[in-house]
Structures are given as C-alpha cells and as structure tokens.
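What follows is calculated from the coordinates using simple rules that are stated; it is not laboratory data. Bear in mind that the values here come from a model prediction, so they are computed numbers and not experimental data. Cβ sites come from the backbone with ideal geometry, for glycine too, and all protein chains shown count toward neighbours.
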Amino acid sequence: MAFGQQSGPPASAKQVRELLVLLHAAGHTDFRDARGPMGFTQRQAAGKFTFNEAASFIEGLENSELEGNAPVAVPGPKQSASEQALRRMPAEQLAGELERRGWSVTAPPPSASRR
C-alpha cells in the first residue's frame, strides 16, 4: 500500500457530513482545525476517511456527548509570561502605560464585546 493511501473502502458522503457536524458541535471549524486534538492524519485532515475510520470517530464523538464530557477543544497558542501578565492587567493600567509612551488611546464603543 502506498504512503497516505486508505486501507479500506471510503467513507460515504453521509458519514463525512455527520462527522463534520459533530466536529462543529465540538468547537472545530473543519477537519484541518481538528487535526491535532482529534489525532487525524494528514489524509484525514483533508476530509478523506475510510468507512471504519469515520464510523469510529463518529462513535467516539457521540459517546463523549452522551457521557457529558466536554467537547474536544482546540488548544490556543502558548503565551509567553509577559503576554500572560498583560492579559491579567486592567485595561485602564494598559491604556495609561500606552499614553505614557506617546500612544493615543480611545475607549471601545459601549456595544463592543470584551474578551
């Protein structure tokens, strides 16, 4: 068998759609986004699964939903210590430091969401 080839019959279009719906429910945008957390191969990240692979992933995602487990989340990039400190710092203090360094700071509109 050649590298990257499937080792069985391909998944049906219905299986692939169902798997994608479950991945969306788990917080992923597509197969590539779920590659690391789900353990997909490069071929699977391109949306190419065997029938058995798709069935296994679908079953695993459905079971995690039924058991009430948290969906598989995509880990964010690691932050440096200084980035973490900046995130904990109050916005007013950050704005004051930026103004001290010569920047112009304006408040966000009231409708803007805060993270």
Inset, instruction - Please list the non-local residues whose amide H lies under 5 Å from the amide H of residue 50, H modeled 1.01 Å from N, same-chain partners needing a gap of 5 or more. - result: 11
Inset, instruction - Rounded to whole Hz and in sequence order, give me ³J(HN,Hα) for region 40-45 from the Karplus expression 6.51 cos²θ - 1.76 cosθ + 1.60, θ = phi - 60°, writing x for Gly and Pro. - result: 5, 7, 4, 5, 5, 5
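Where does each of 100-109, 85-94, 33-42 land if you order them by average Cβ count within 10 Å, highest first? The partial results should precede the final answer.
Numbers: 100-109: 7.8, 85-94: 10.2, 33-42: 15.7.
Averaged packing, sorted descending, gives the order 33-42, 85-94, 100-109.
At 0.890 mPa s and 25 °C, plugging the Kirkwood radius over alpha-carbon pairs of region 13-66 into Stokes-Einstein gives what diffusion coefficient in µm²/s? Show your work: numbers first, answer last.
Details: Rh = 10.8 Å.
In µm²/s, the coefficient rounds to 226.
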Legend entry - Net charge, residue 56 excluded, C-beta distance under 13 Å - Lys, Arg +1, Asp, Glu -1: -4
